[in-house]
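The values are calculated or read from the model by the stated rules, or taken from the named source; none is laboratory data. Computed from a predicted model, the values in this text were never measured in an experiment. Quick reminder, even Gly has a Cβ in these numbers, built from the backbone with ideal geometry, and neighbours come from all protein chains shown.
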Amino acid sequence: MRKDKKIFLILIIMFSSLIFCSYSKNKITKVKGTIQVYGNNPFTYIGIVTTDNKEYAISAEEKVNSELWKTQGKLIELQGYIIKSEDDSKISGMLKDGKIEVIEWKFVK
């Protein structure tokens, strides 16, 4: 009987740990739009205005970021993770609809 209690206790602990763990998937999103520059010198950053009028700040590696600066005014497609803004407060480097962490990008023909 004592062995059964140990097994039962172990199963309860394992089940409880599964309940309290988060298993949310990161959703990769594609957005199309044009690159725009925001902020004042020397504190400028780029963002994208999508074809459905949403604005996202862009977070990317330095090499990708410098490539995107050169594409201002051209229609591009970004693929990445969207981080939504918590509320209407103005956080540095965040636009009204949030921020997108770029995985890859391309020109749209």
Original post:
Name the residues in segment 44-78 that are touching a residue at least 40 places away in the same chain (Cβ under 8 Å) and farther than 13 Å from W105 by Cα, would you?
Top reply: Y45, G47, K54, E55, Y56, A57
**OP:** Take V64 and decide whether it is surrounded by 14 or more Cβ atoms within 10 Å (Cβ to Cβ), modelled with pLDDT of 90 or more, assigned to a strand (DSSP E or B) and out of contact with any His (no Cβ under 9 Å at 6 or more places or on another chain).
**Re:** no
Original post:
Applying the selection to segment 28-61, what residues are loosely packed, with under 11 Cβ neighbours inside 10 Å and farther than 16 Å from E77 by Cβ?
Top reply: N40, N41, P42, F43, T44, N53, E61
**OP:** Look through D52, D4, D88 and report the one residue that is outside any helix (DSSP H, G or I) and at pLDDT below 90.
**Re:** D88
